[in-house]
Amino acid sequence: MIEQEHLGGVCLNKGCVPSKVFANAAKHLDEVKHLSSFGISAENLSFQIHQLVSYKEQTMQQLRAGVENLCKTNKIEVIHGRANFINEHRIGVEMEHRFELFEFKQAIISTGRSPILPNSLMGNPRIMTEQTIFNLNEVPEELVVYGTDYIALEAAFSYRKMGSKVSIVLNNRADFPFDHAINRELKRILKKEKIHVYREYQLKQVTPRGDRILLQLTKHDNQLTLAGTHLYVETNHQPNIDSLGIDQVGIQLSEAGFIAINQEMKTTIPSVFAIGDVTDGVASAVKAMKQGKVAAEIAAGLSSEVDLTMIPTVVHSIPPIAVVGLTEQAAEQQGYHVKTSQFGYVANSYATISNQTDGIAKVIKDADSDLLLGFHTIGAGAIELISTGVTALELVGRDEDLSFPLYPHPSFNETILEAIEGLTDKAIHIKPKNKPLDLANK
Ligand SMILES: Cc1cc2nc3c(=O)[nH]c(=O)nc-3n(C[C@H](O)[C@H](O)[C@H](O)COP(=O)(O)OP(=O)(O)OC[C@H]3O[C@@H](n4cnc5c(N)ncnc54)[C@H](O)[C@@H]3O)c2cc1C
């Protein structure tokens, strides 16, 4: 395995781990502030971001050591250096003052992708991308988040809970990218958090002025100037292939400029596979890990495949969001005879007990076949709950497959159960509709 920086890639060193350390700190801070109902006093509460930064570094070191150890115990030789292909069976590695050549029978490229920040925004440490937003050693006084993806939301909620004033500018979009029921609940929660959302604005110009950053925004003919001490920008990405020499080998790119692969993760050169962010599609460790396993199995002569249709999307916002499958709108567009049901956390006993009543669970099915099509949750525990949805969709489940089993009580799991039962008007914590139940026809 050839690595030019740290084992663990972006996920461990710049992405999943640092962002979730920050999101967890923010969640705990929020919980502590609401403990008075339980008779717990947090009067002298304080938060020191530098201690959180040390904890983040320590966590990353610990996880890196874990990866190193895994390599050792699996007899994987780790070569620290920058790799580039010489031909379809040779690769060169630059290691400080040395250059070494290695022969391979098969190779897997997983060099990832990088955010592209426009030149005009580069060089200012207070204008940040996804790879730097969780590197801060100070809590921003006023953070402007320009974006709608999960990283934008995680940054917005984390820093808000740590004390920043936060605004979100939806980058040219009318709404967040989720099912409209999730968007509605998310916006209600953002309003409660005093995070202002500016819809459909486009960023025209950014001007640093003293210790502030001025943003010129436009929406049709409207102009708006926003100011903040820090700016997060959601960007496009480019694959990390510049110095990889793939053109030397004849590896072709997709239309979007990422490495083109087939169902077996093979590039246009059969001895070379590519996986993860360097290939088309979403940037997700879930995808990268699955594709990595499948490529390794195929390279070893086993039959294997990957299907990313049921990939879960999760956001460690406060409360978290987790979704899988089709939104109501997408299901309608695909011609399904759509039936939906939604259950509010406010009617879930465990949410009331634990004082976490924000959120909803929504399920979508095809009314003709009863097949489940989508699960959408925002609320406490959503990230763990979504596995029920992923499994149900992967097993081509119907609503009765999820209403038949027993669910632990009291628990957040019951939000899924009641949303499912709501599809046949059987959820006992959803108010009956005006029409009397016609059980004979259910
Ligand atoms: C803030 C943030 C939060 C995220 N949170 C999540 C999350 O919660 N869940 C999730 O699923 N995903 C998350 N992601 C996305 C996830 O980090 C990526 O999808 C994942 O890391 C992709 O893995 P990869 O192996 O394809 O590439 P990378 O992780 O980018 O790894 C590529 C590696 O290749 C090395 N490399 C590149 N070129 C060369 C070369 N020429 N020679 C040698 N080495 C080279 C790099 O140093 C790097 O270590 C997050 C990303 C960010 C930025």
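Check whether at least one residue in the stretch 370-381 is in contact with a strand residue (DSSP E or B) (Cβ under 6 Å, 6 or more places away or on another chain), surrounded by fewer than 16 Cβ atoms within 10 Å (Cβ to Cβ) and either under 16 Å from residue 185 (Cβ atoms) or of a type in the set (Gly, Ala, Ser) (or both), and report yes or no.
No, the stretch 370-381 has no match at all.
On the given criteria, is residue 247 of a type outside the set (A, V, I, L, M, F, W, C), in a loop (DSSP other than H, G, I, E, B), closer than 30 Å to residue 260 by Cβ and within 16 Å of the ligand (Cβ to nearest atom)? Spell out how you get there, then give the answer.
Numbers: of a type outside the set (A, V, I, L, M, F, W, C): yes; in a loop (DSSP other than H, G, I, E, B): no; closer than 30 Å to residue 260 by Cβ: yes; within 16 Å of the ligand (Cβ to nearest atom): yes.
The answer is no for residue 247.
Taking the stretch 228-252, which residues are more than 24 Å from residue 154 (Cβ to Cβ) and either surrounded by 17 or more Cβ atoms within 10 Å (Cβ to Cβ) or at pLDDT below 95 (or both)?
Passing the criteria: 241, 242, 243, 244, 245, 246, 247, 248, 249, 250, 251.
Could you give every pair whose Cβ atoms fall below 6 Å, whose first residue belongs to the stretch 296-316 and is under 25 Å from residue 377 (Cβ atoms), and whose second residue is more than 14 Å from the ligand (Cβ to nearest atom), counting only separations of at least 6 or pairs across chains?
310/393; 310/394
Condition first: in contact with a strand residue (DSSP E or B) (Cβ under 6 Å, 6 or more places away or on another chain) and either among the acidic types (Asp, Glu) or closer than 19 Å to residue 172 by Cα (or both). Now tell me which residues in the stretch 204-224 satisfy that.
Correct list: 204, 205, 206, 214, 215, 216, 217, 218, 219, 224.
For the stretch 32-45, indicate whether the set of residues that are more than 14 Å from the ligand (Cβ to nearest atom) and charged (D, E, K, R) is non-empty.
Yes: the stretch 32-45 contains one or more residues that are more than 14 Å from the ligand (Cβ to nearest atom) and charged (D, E, K, R).
Show the residue pairs that are 6+ apart or on different chains and have beta-carbon atoms under 6 Å apart, the first residue being within the stretch 129-151 and in the same structural domain as residue 205 (by the TED database), the second being part of a loop (DSSP other than H, G, I, E, B) and within 15 Å of the ligand (Cβ to nearest atom).
So the pair list comes out as 129/117; 129/235; 131/14; 147/234; 149/234; 151/130.
Filter the stretch 41-89 for residues that are among the aliphatic types (A, V, I, L, M) and part of a loop (DSSP other than H, G, I, E, B) and give the result.
42, 45, 76, 78 - these are the residues of the stretch 41-89 that are among the aliphatic types (A, V, I, L, M) and part of a loop (DSSP other than H, G, I, E, B).
Of the conditions (1) surrounded by fewer than 17 Cβ atoms within 10 Å (Cβ to Cβ); (2) under 19 Å from residue 161 (Cα atoms); (3) modelled with pLDDT of 95 or more, residue 22 fails just one. Which one is it?
If we test residue 22 against (1) surrounded by fewer than 17 Cβ atoms within 10 Å (Cβ to Cβ); (2) under 19 Å from residue 161 (Cα atoms); (3) modelled with pLDDT of 95 or more, just (1) comes out false.
Just to be sure, is residue 257 over 30 Å from residue 30 (Cα atoms), part of a loop (DSSP other than H, G, I, E, B), among the small types (Gly, Ala, Ser) and within 13 Å of the ligand (Cβ to nearest atom)?
In short, no.
Do we have any residue at all in the stretch 309-316 that's in contact with a Pro (Cβ under 9 Å, 6 or more places away or on another chain) and at pLDDT 95 or above?
yes
Residues that are crowded, with 19+ Cβ neighbours inside 10 Å and more than 16 Å from the ligand (Cβ to nearest atom), at least 2 per element: which strands (runs of 3 or more DSSP E) completely within the stretch 271-350 meet that? Spell out the reasoning first.
Details: elements: 272-274, 313-315, 321-325, 338-344.
So the answer is 338-344.
Residue pairs, Cβ under 6 Å, 6 or more apart or interchain, first in the stretch 249-263 and without any contact (Cβ under 8 Å) to a residue 60 or more places away in the chain and assigned by the TED database to the domain that holds residue 278, second buried (at least 19 other Cβ atoms within 10 Å of the Cβ) and outside any loop (DSSP other than H, G, I, E, B). List them.
261/274; 261/279
Counting only residues that are away from the ligand (no atom under 12 Å from the Cβ) and at pLDDT 95 or above, which one in the stretch 103-125 is surrounded by the most Cβ atoms within 10 Å (Cβ to Cβ)?
Going through the qualifying residues, I end up with 106.
Conditions (1) in contact with a Leu (Cβ under 9 Å, 6 or more places away or on another chain); (2) within 16 Å of the ligand (Cβ to nearest atom); (3) within 24 Å of residue 313 (Cα to Cα), marked per residue:
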site	(1), (2), (3)
128	yes, yes, yes
135	no, yes, yes
139	no, no, no
143	yes, yes, no
147	yes, yes, yes
153	yes, yes, yes
156	yes, yes, yes
165	yes, no, no
170	no, no, yes
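Take the conditions within 23 Å of residue 275 (Cα to Cα), of a type in the set (Gly, Ala, Ser) and part of a helix (DSSP H, G or I) and apply them to residue 92. Does it pass?
Against the criterion (within 23 Å of residue 275 (Cα to Cα), of a type in the set (Gly, Ala, Ser) and part of a helix (DSSP H, G or I)), residue 92 does not qualify.
Yes/no matrix, rows are residues, columns are (1) in the same structural domain as residue 177 (by the TED database); (2) under 30 Å from residue 16 (Cα atoms); (3) without any contact (Cβ under 8 Å) to a residue 60 or more places away in the chain:
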{"residue": "368", "(1), (2), (3)": "no, no, yes"}
{"residue": "374", "(1), (2), (3)": "no, yes, no"}
{"residue": "382", "(1), (2), (3)": "no, yes, no"}
{"residue": "393", "(1), (2), (3)": "no, yes, no"}
{"residue": "396", "(1), (2), (3)": "no, yes, yes"}
{"residue": "404", "(1), (2), (3)": "no, no, yes"}
{"residue": "407", "(1), (2), (3)": "no, no, yes"}
{"residue": "412", "(1), (2), (3)": "no, yes, no"}
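The values are calculated or read from the model by the stated rules, or taken from the named source; none is laboratory data. Nothing here was measured: the structure is a model prediction, and the numbers come from that model. Note that each Cβ is placed from the backbone with ideal geometry, even for glycine, and that neighbours are counted across all protein chains shown.
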